[in-house]
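Take a look at the structure set out below.
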Amino acid sequence: MKPPALPPRSAWLPLLERALAEDLATGDVTSNAIFGPDDCGEAAIVARRPLVACGLAVAEAVFAALDPRVAVERSWNEGEAREGGGALLRVRGPMRAILAGERTALNFLSRLCGVATHTRRYVQAVAGTGCHIVDTRKTLPGWRVLDKYATAVGGAESHRMGLYDAILVKDNHIAAAGGVARAVRAVRANAPPHLRLQVEVESAAQAEEALAAGAEWLLLDNRSVDELRDLAKRFRERALLEASGGVTLETVRAVAETGVHRVSIGALTQAAPGADVALDFVRSAV
């Protein structure tokens, strides 16, 4: 599977720069006391457990920001999954820069590989059903672009980037507007017409009301497998159906097999464990 394009550097480089600034401040006093500016070495960033490689270019950018003399060589491809672990990257250059960037590079890799690996498990769990796994906006504050990049590397689709690029009429909109039809009609009258319109519904009656008012996608939130199956049988050919709410690795296939088109899962980013990665020196200046 070909990985998606990494978002533009302008979308994530400020986050990287802030991470370096909070870790280094006035400098790495330990490494600067032990090594001179021209002492060089070689290290490997290793995966201690099976994972999906994600964020290799971000890790490379960490070291490049500290010292352009640092050379980074990839041992894995972005999006590649391996069972046996091993070196992800090999880093050669000034010891001070390698050690100063170690934790920041590992933090980015741990998060991004962790999200991609967790997502890949969900995608594999529904293989053959025709159902797609979709991420959500439940991302780390400030990490939205990278978190969603990692879910894409794992094989998921993006629900929406933010509140601006798709319309989702949720239960609170419906309650405040006074009903499904009133909320959907207001959207049709006032929102940009090119944006996708999705409506959260809790019953077949609400689904009928939403479709009659002009909805195209239905969000079936916190419905049981039996409810999803019944709703899919009735509405699958009339609208795109997306299930959500409390879906786990243990339940996702049963949800996918109900006939819904998509399953959106906040746990892709909210509950992804960090990948176990580390930096080990293989050759030093001393």
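The values are calculated or read from the model by the stated rules, or taken from the named source; none is laboratory data. This is a predicted model, so every value here is computed, not measured. Glycine gets a Cβ as well: all are built from the backbone with ideal geometry, and neighbour counts include every protein chain shown.
Going through segment 41-80 one residue at a time, which ones are in a loop (DSSP other than H, G, I, E, B) and either free of Cβ contacts under 8 Å to residues at least 12 places away in the same chain or among the acidic types (Asp, Glu) (or both)? Answer for segment 41-80, where residues must be in a loop (DSSP other than H, G, I, E, B) and either free of Cβ contacts under 8 Å to residues at least 12 places away in the same chain or among the acidic types (Asp, Glu) (or both): 67, 68, 78, 80.
Scanning segment 201-222 for residues that are surrounded by fewer than 22 Cβ atoms within 10 Å (Cβ to Cβ) and within 27 Å of the chain's Cα centre (by Cα) yields 216, 217, 221, 222. Any residue in segment 256-268 that is within 18 Å of residue 158 (Cβ to Cβ), in a helix (DSSP H, G or I) and touching a helix residue (DSSP H, G or I) at 6+ places or on another chain (Cβ under 6 Å)? Among the residues of segment 256-268, at least one is within 18 Å of residue 158 (Cβ to Cβ), in a helix (DSSP H, G or I) and touching a helix residue (DSSP H, G or I) at 6+ places or on another chain (Cβ under 6 Å), which makes the answer yes. Pick from segment 64-90 the residues that are of a type in the set (Lys, Arg) and more than 18 Å from residue 100 (Cβ to Cβ): which of them is modelled with the lowest pLDDT? This residue is 82.
Quick check on segment 255-286: of everything there that is acidic (Asp, Glu) and touching a strand residue (DSSP E or B) at 6+ places or on another chain (Cβ under 9 Å), which residue is farthest from residue 106 (Cα to Cα)? Among residues in segment 255-286 that are acidic (Asp, Glu) and touching a strand residue (DSSP E or B) at 6+ places or on another chain (Cβ under 9 Å), the one farthest from residue 106 (Cα to Cα) is 280. Taking the criterion of being of a type in the set (Lys, Arg), out of contact with any strand residue (DSSP E or B) (no Cβ under 7 Å at 6 or more places or on another chain) and buried (at least 18 other Cβ atoms within 10 Å of the Cβ), would at least one residue in segment 86-102 satisfy it? Yes, segment 86-102 contains at least one residue that is of a type in the set (Lys, Arg), out of contact with any strand residue (DSSP E or B) (no Cβ under 7 Å at 6 or more places or on another chain) and buried (at least 18 other Cβ atoms within 10 Å of the Cβ).
Evaluating residue 148 against the criteria (1) within 23 Å of residue 78 (Cβ to Cβ); (2) surrounded by 22 or more Cβ atoms within 10 Å (Cβ to Cβ); (3) touching a Phe, Trp or Tyr at 6+ places or on another chain (Cβ under 7 Å) leaves one unmet condition, (3). Selection of segment 134-174 for residues being of a type in the set (Phe, Trp, Tyr), out of contact with any Ser or Thr (no Cβ under 9 Å at 6 or more places or on another chain) and under 21 Å from residue 274 (Cβ atoms) yields only 149. Can you spot a residue in segment 157-167 that is part of a loop (DSSP other than H, G, I, E, B) and polar (S, T, N, Q)? For segment 157-167, residues part of a loop (DSSP other than H, G, I, E, B) and polar (S, T, N, Q): present.
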